[in-house]
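Since the structure comes first, as C-alpha cells, the remarks are kept for the end.
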Amino acid sequence: MIDRGVPADTLKPVGYGEAQPIADNETSRGRQQNRLVFFEWQVR
C-alpha cells in the first residue's frame, strides 16, 4: 500500500494469528475464513 501512495504513518497492521481465529479451525470452511485478510478504512 505504501508503494501505491498510502502514507506509512497512517497504516496500523494488526495480526491475531492463532490466538484469535475468527472461525472454527476444525472445518475446512473455518480454516479458509481464518486465512482471509481484511482492510478497514477509517476517515480521520
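Only the coordinates and a few stated rules stand behind these numbers; no lab work does. Since the structure is predicted, the reported quantities are computational estimates derived from the model, not experimental observations. Backbone-built Cβ (ideal geometry, glycine too); neighbour counts: all protein chains shown.
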- Message: List the GluC sites (Glu not before Pro) within the chain that DSSP assigns to loop and that have no more than 15 neighbouring Cβ atoms inside 10 Å.
- Response: 26, 40
- Item | Extension gain, residue 3 back to residue 28 (0.36 nm per residue minus Cα-Cα distance, nm) | 5.6 nm
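Starting from the Cα coordinates of the chain, work out the convex hull volume and express it per residue in Å³. Write out the running numbers ahead of the final one.
On the way: hull volume 4.4 nm³, N = 44.
Value for the chain: 101 Å³ per residue.
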